[in-house]
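Before any comments, here is the structure.
We did not get these values from a lab; they are worked out from the coordinates using the rules stated. For clarity, every value in this text was computed on a predicted model and none was experimentally measured. Here the Cβ is made from the backbone with ideal geometry for all residues, glycine too, and neighbour counts use every protein chain on show.
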Amino acid sequence: MKPLIIFGSAEMAMLARYYFENDTAYRVEAFTVDDAYVNQPSLAGLPLIAWSEALKRYSPDTHDMHVALSYRGLNKLRQEKFEAAKAAGYHLASYVCSKSAVWPDLAIGENCF
C-alpha cells in the first residue's frame, strides 16, 4: 500500500489521518493545501506543503491521496480538488470503518469517508 497524502489542513483532515492510520494499513506522509493556504511548515508533526510542491515531491506513482475537506457548503470545492488529484494521476483512497456492517457486494467509490 502506498503512503497517503491528505489534501486539507482542518478538522476533517486530522480526523481522516486518525482513521486511516488507526484502522487501515495506510501511513499518512504529509498534508497538502492550495499554495496560498500554506501558513506553517508542518501540521501535527507531518509536513504541510503547497499543492504545487506536492505534485513534485509525492508522485502518484508512489503515493495515494485523500481529499479531506469539510462538508459545510464545500462540495464544489471538494469536487474540484478531487478532479485535480485524479487529473494528476492519484489514486483517491476511501475509508470505511472496519467495524461497519456492509453488504458483501457493496462497491465503495473513490475518496469516500
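Can you work out the FRET efficiency for the pair residue 46 and residue 103, with r the C-beta to C-beta distance and R0 = 41 Å, to the nearest 0.05?
Details: r = 35 Å, r/R0 = 0.85.
Working from the Cβ atoms, E equals 0.70.
At 7 Å along the Cα-to-beta-carbon direction for both residue 14 and residue 87, put a label point, then send me their distance in nm to one decimal.
If labels sit at residue 14 and residue 87, their model points lie 3.1 nm apart.
For the chain, what number of Lys pairs, 8 or more residues apart or on separate chains, have alpha-carbon atoms under 25 Å from each other?
Numbers: 2/56; 2/81; 2/86; 2/99; 56/81; 56/86; 76/86.
Close lysine pairs under the 25 Å cut-off: 7.
In terms of the Cα gyration tensor, with a ≥ b ≥ c the square roots of its eigenvalues, is region 31-105 rounded because a/c is under 1.5, prolate because a/b exceeds b/c, or oblate? Don't jump to the answer; show the numbers that get you there.
Details: a/c = 1.67, a/b = 1.56, b/c = 1.07.
Prolate, because a/c is 1.5 or more and a/b exceeds b/c.
With a 10 Å radius around each residue's Cβ, average the other Cβ atoms per peptide and rank 100-110, 1-11, highest first. Spell out each step's value before the answer.
Values: 100-110: 7.3, 1-11: 19.0.
Descending mean neighbour count gives 1-11, 100-110.
Taking Cα atoms, how many degrees apart are the long axis of helix 75-87 and the longest axis of the chain, rounded to 10 and kept between 0 and 90?
Between the helix axis and the principal axis of the chain, the angle is about 80 degrees.
Once label points are set 7 Å from the Cα along Cα→Cβ at both residue 53 and residue 112, what is their separation, rounded to one decimal in nm?
Here the modelled spin labels are 3.4 nm apart.
Please work out the C-alpha center-to-center distance from region 1-72 to region 81-113 and express it in whole Å.
With region 1-72 and region 81-113 each reduced to a Cα centre, they are spaced 15 Å.
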